[in-house]
Amino acid sequence: MMQKALILMSVALGLSGCALMKHPSAATPEAAVARPVIGAGASAAALDQTTAAERAAAVAAKPAGGERALGAAVVALGNPAEQGLWVKSPLVVAPGKGRVVTQNGASVAVDLLPGSGAASLSLAAYRALGLGLTDLPEVTIYAE
């Protein structure tokens, strides 16, 4: 009986210390990163944390010498929580820099990310290209 009481006491004391420990996912103030709140009523502008200047620079970027076409892909809007200007596609075999060009000639510099399945384009790239969020445009993907 005494042995059971000691075991229960040890467990109780051990568990009481858990309240003092921080959960591993709890961010410290210096490591806290503002994340967009995704849900009903959140506008594309509120979700896209790239600045107007960053989008303008990406659109104004001139094609790099020696770039090569990876191919054409129909892209869908990617995860809006993943910030930045990027495209994910099975056409991309290694991360790098490049650009996408729409059929009407609009172009934006992006990070190229390997993907599987359907190709996706970031919210910031959609906005920079002036695409509707439900559009499924065909783009040509170029690698530097």
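Any read-out appearing in this document is the output of simple, stated calculations on the displayed coordinates, not a laboratory observation. Small disclaimer: the values here were computed from a predicted structure and weren't measured. Don't worry about glycine lacking a Cβ; one is built from the backbone with ideal geometry, like all the others, and counts go over all protein chains shown.
Highest average first, the peptides 95-103, 52-60, 122-130 ordered by how many other beta carbon atoms sit within 10 Å of their residues are 122-130, 95-103, 52-60. Computed from backbone phi, the HN-Hα couplings of region 102-108 come to 7, 5, 8, x, 5, 9, 8 Hz, rounded to whole numbers (Karplus: 6.51 cos²θ - 1.76 cosθ + 1.60, θ = phi - 60°; Gly and Pro given as x). With the Cα gyration tensor of region 50-143 giving a ≥ b ≥ c as the square roots of its eigenvalues, does the rule (a/c under 1.5 for rounded; else a/b larger than b/c for prolate; else oblate) give rounded, prolate or oblate? Judged from the Cα gyration tensor, region 50-143 comes out rounded (a/c under 1.5).
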